[in-house]
Amino acid sequence: MTETTARVRHSRVEPVPFGPGWLLWDLAGDHRGNLVFLAPTLMQAMHPVIGDALARMPVALTDPFGRRERSVDSIHLWVYGGPEALVEARRLAELHKPVKGRDTDGRDVSALNPEVWAWVPLSSYTAFLTQCRVFGEPLDEAGKERLYEEIKNLARILGVRERHIPATTADYWAYYDTMVSTRLTNHPFVHQVLARGLRLPPPPFLPRALAPAWKAVWPTLGRFATWLTYGTFPPEIREILGLQWTERDERRFLRVGQLIRHTARLTPERLRYPRTVRLARDLARNPGPKREQALTKRIATLHDRNTKSL
C-alpha cells in the first residue's frame, strides 16, 4: 500500500444517522435481536481486557436486568436516535474513560484502547448475520456486504477511527480470524454470565405475586435460553469456550430458528418492535409534531436512566 493510498483509506469518514432503507433499521430493534444479543456481548468479554474490566465491575451479575436494559437502550439510540446517537456515543466514551482491564501480560489497558473499543461494534457483525440466517431472512452476498458497510457506520458513530475499521468484508474476516486466534480467551467471566442466566432472580418489573411462578418455570426456560445462546455463537467461539455442541444440537437449533422465522412473518410489525423503535419508525413514515414530540420524550427517558450507569 502506498502512502497516498493509506492516507485515503484512513481519512476520516463522518458517520450518518440510520433511517429507513438501512438493514439495521429493520434488524437492530426487532425482538428477534434478543435471541442473538448475548453472543457479541460475551465475545467482547472474551477479549482479556474487556473480560477483566467486567469482572472488576460485575454489573451483569449483580443487576442483570438493569444491565441488559441499559445496553438495549444504547443500541436503540445508536440506530433510532438520529443525532442523539452521537450524544449517546460520547456519553459511553466518557463513562468508560476510567475503566481499565488487564491484558494477558497483566498490564492495565484502557477500555478506550483502539483495539478494545473497535471490537465492541465490530463483533456485532457475526451476530446480525446469525439473526438473518437463522431467525430472519438470510442475506445474499450483496446483502452481507451492505450489512458490513452499516456496521462500519455504527463503528464510526461510536468514535472508532477509520484505521481500526477493516475496509472490506475480506479485511473483516482476516481481522476476525486474528482476533479469534490471537486475542480471544476462554475468559471465566463469560462462564459466570452463562451460569447466572441459569438462575436469574425474578425481574424487578414482575409483580411479587408472580415470583413463585418465575422460580418454578425459569430453571427450564433458563436451560433453553442458555442452549439457544450456545447456538448463536460461531463454532470457533464455542471451541474456545469449551462448549459442547453436537450435530443434533445444530439441527434442533435451525428448526427452532425456522419456527421463529415463520412466526415473525405472520406477526404484525407493532408486535415485533419495542416502544422506542416503533416511535422512530412511525415518525419516519409519517412525520408530524406529535410523533416527533413522543420520540423526543422517549429518547430523553433513555438518556436519563443511562446517564451514570454501565
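Could you please report the charge total around residue 100, scoring K, R as +1 and D, E as -1 over all other residues with beta-carbon less than 11 angstrom from its beta-carbon?
+1
If the viscosity is 1.567 mPa s and the temperature 4 °C, what Stokes-Einstein diffusion coefficient in µm²/s follows for segment 155-310 when Rh is the Kirkwood radius over Cα pairs?
64 µm²/s
Tell me the net charge near residue 81. Cut-off is 11 Å between Cβ atoms, residue 81 excluded, with +1 for each Lys or Arg and -1 for each Asp or Glu.
-2
Taking Rh as the Kirkwood radius computed over C-alpha pairs, what is the Stokes-Einstein D of segment 224-310 at 37 °C in a medium of viscosity 0.692 mPa s, expressed in µm² per second?
198 µm²/s
Identify which of 296, 126, 62 has the largest mean-square fluctuation in a Gaussian network model of the chain, with springs joining Cα atoms closer than 10 Å.
62
Computed from the coordinates I sent, Cα extents along the principal axes in Å equals one of (i) 56, 43, 41; (ii) 55, 47, 33; (iii) 65, 53, 41. Tell me the label.
(iii)
Once you have the alpha carbon radius of gyration of segment 28-106, what is it after dividing by 2.2 N^0.38 Å, with N set to its residue count?
Normalised Cα radius of gyration, segment 28-106: 1.18.
Count of lysine pairs in the chain with Cα atoms under 21 Å apart, counting only pairs 8 or more residues apart in sequence or on different chains?
4
Full-extension gain between residue 140 and residue 164, please, as 0.36 nm times their residue separation minus the C-alpha to C-alpha distance.
6.0 nm
Which whole number in µm²/s is D for segment 104-183 by Stokes-Einstein, with the Kirkwood Rh taken over Cα pairs at 10 °C and 1.306 mPa s?
117 µm²/s
Can you find, among 230, 185, 213, the residue sitting farthest towards the positive end of the charge dipole of segment 151-257, where Lys and Arg contribute +1 and Asp and Glu -1 at Cβ?
213
Have a look at 77, 271, 129 and tell me which one the Gaussian network model of the chain (Cα, springs below 10 Å) gives the largest fluctuation.
271
Every number in this text was worked out from the coordinates using simple rules, so none of it is lab data. Remember, it's a predicted structure, so these values are computed and weren't measured experimentally. Every residue, glycine as well, gets a Cβ built from its backbone with ideal geometry; the counts of neighbours run over all protein chains shown.
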